[in-house]
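Colleague: Here it is, the structure, as structure tokens.
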Amino acid sequence: MKDKKVIFMGTPEFSVPVLEMLIENTNVIAVVTQPDKEVGKKGIVFSPIKEVAIKNNIKVFQPVKVRKEFDDIIALNPDIIVTCAYGQIIPTEILECPKYGCINVHASLLPYLRGGAPIHHAIIDGYSKTGITIMYMDDKMDEGDIISQSETLISDDDTTEKLHNRLSIMGRDLLFETLPSIFAGTNGRIKQDHSIATYGYNIKREDERVDFNKTRREIFNQVRGLNSWPGAYSLLDEHVLKIWETIIGDESNSNVPNGTILGFTKNGIEVKCADGKIILKLIQPEGKKKMDAISYLNGLKNKEELIGKVLV
């Protein structure tokens, strides 16, 4: 595969193992990634993919809008373009450019969880399994023909961070296994069943707020699905309380409003929700670092004052 000219399009840490595999096994002639960002005191920050490209002396393109700035990419006449979490819609001019097509490494078992946050939603939405799909790209979001797939089970111990790291390696390995058949023209090509498609759209601020009118399982999944970024939260006395880990508690017959702090256990703070109690185990009070809930309680002058307060 070393004779095949590849352009890679990607941005976040998730994409790094895929790019590193391509560098080792093909001729990566350019990388396309999102523009640099200015991040507080850090100043200008490069994307993880740009960092890898610079380290390997690979040409980097960073169009603000790739649908309008693609001539330099096409001029390189790549054999194949591989995308993985790039972050922009790819124009038809690029899709039709390479001899072997434009393929995408997507972090779900398509047609399930199309969109920009499939890993978060796999956990938040209660999926029992997810995986990686290698697919041909078309002009619609994640609707192209499937080439190959690999799956993994989701356990209650999984967070988005754990699943992200596992899928990143799975994406690298599945692409490595699949590329030879693409170049040989022997790969499969399966049309997606659009009637069963689901979506994992980008997480919005309102998705991060815990609604205690939901069930114990729904809240448990939401908190895991937002760990370790961007994090779930609620408000306690009008201050943001980040919630990083919960435990599903017992059923409750209490008539108090959902969100009410009921008491404490050896594991944390019991809160009323739609079908019982959810226990807050790992939290982050506003302006402080993450801490287990027991340490937080031990630092209060009178923890009993919390009982009866409502998280909203």
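Read-outs throughout are calculated quantities, based only on the coordinates presented, and are distinct from any laboratory measurement. Only a predicted model underlies this, so the values are computations on that prediction, with no experimental measurement involved. Note that we place each Cβ from the backbone using ideal geometry, even for glycine, and neighbour counts take in every protein chain shown.
Colleague: Given a Förster distance of 25 Å, report the FRET efficiency between Asn27 and Arg67 from their Cβ-Cβ distance, rounded to the nearest 0.05.
Modeller: So, using R0 = 25 Å, E works out to roughly 0.45.
Colleague: A further question on this structure: Just to be sure I understand the model, the point goes 7 Å from the Cα along the line to the Cβ. What's the resulting Lys129 to Ala274 distance in nm?
Modeller: 2.7
Colleague: Continuing with the same structure: Treating only the Cβ atoms of Lys and Arg (+1) and Asp and Glu (-1) as charged, compute the dipole magnitude of the chain about its Cα centre; round to the nearest 20 debye.
Modeller: Taking the Cα centre of the chain as origin, the dipole is about 640 debye.
Colleague: Give the long-range amide H neighbours of Leu241: residues separated by 5 or more places, or on another chain, with amide H under 5 Å away, using H modelled in the peptide plane at 1.01 Å from N.
Modeller: Under 5 Å from the amide H of Leu241: Ser234, Leu235, Leu236.
Colleague: Run the quick spin-label model on Lys59 and Ser181: label points 7 Å from Cα toward the beta carbon, then report their separation in nm to one decimal.
Modeller: Once both label points are built, they end up 3.2 nm from each other.
Colleague: Continuing with this model, one more query. Only sites in a loop by DSSP and with at most 16 other Cβ atoms within 10 Å count here; which trypsin sites (Lys or Arg not before Pro) in region 205-312 make the cut?
Modeller: Qualifying residues, ordered by number: Lys266, Lys288, Lys289, Lys290, Lys301, Lys309.
Colleague: Mind pulling the angle between the C-alpha long axis of helix 160-184 and the longest principal axis of the chain? Nearest 10 degrees, somewhere in 0 to 90.
Modeller: Once rounded, the angle reads 20 degrees.
Colleague: Something else now. Picking from Asn255, Leu311, Leu179, whose Cα lies most toward the positive end of the charge dipole for region 156-312 (charges on Cβ: Lys, Arg +1; Asp, Glu -1)?
Modeller: Leu179
Colleague: With the dipole of region 5-196 worked out from charges on the C-beta (+1 for Lys and Arg, -1 for Asp and Glu) around the Cα centre, which of Ser128, Met9, Ser150 lies farthest toward the positive end?
Modeller: Selected residue: Met9.
Colleague: Strictly over 20 Å apart at the Cα level, which of Lys129/Lys281; Lys140/Lys191; Lys41/Lys242; Lys129/Lys162; Lys37/Lys140 would you flag in this model?
Modeller: Among Lys129/Lys281; Lys140/Lys191; Lys41/Lys242; Lys129/Lys162; Lys37/Lys140, the Cα-Cα distance tops 20 Å for Lys129/Lys281; Lys41/Lys242; Lys37/Lys140.
Colleague: Here's something else I'd like to know. For Val60, enumerate residues with amide H under 5 Å from its amide H, sequence gap 5+ or separate chain, H modeled in the peptide plane.
Modeller: Val31
Colleague: How far is it, in nm, from the label point at Val312 to the one at Glu93 when both lie 7 Å from their Cα along the line to the Cβ?
Modeller: Distance between label points: 5.2 nm.
Colleague: By counting other Cβ atoms within 10 Å of each Cβ, how are Trp229, Trp244 ranked from fewest to most?
Modeller: By the 10 Å Cβ count, ascending: Trp229, Trp244.
Colleague: Report the gain in length on full extension from Glu238 to Glu151: 0.36 nm times residue separation, minus Cα-Cα distance, nm rounded to one decimal.
Modeller: 27.1 nm
Colleague: Moving to a separate point now. Given the Cα-Cα distance of Thr215 and Asp193 and 0.36 nm per residue of separation, how much length would full extension add, in nm?
Modeller: 4.8 nm
Colleague: Just to confirm the filter: which GluC sites (Glu not before Pro) across region 232-295 are DSSP coil and have at most 16 other Cβ within 10 angstrom of their Cβ?
Modeller: Sites meeting the loop and neighbour criteria: Glu238, Glu251, Glu286.
Colleague: Then there's this: Report, in degrees rounded to the nearest 10, the 0 to 90 angle that the Cα long axis of helix 16-25 makes with the longest principal axis of the chain.
Modeller: 20
Colleague: Residue by residue through region 235-247, which ³J(HN,Hα) values in whole Hz follow from phi under the Karplus form 6.51 cos²θ - 1.76 cosθ + 1.60 (θ = phi - 60°), with glycine and proline marked x?
Modeller: 10, 10, 6, 6, 10, 5, 10, 6, 10, 9, 8, 10, 10
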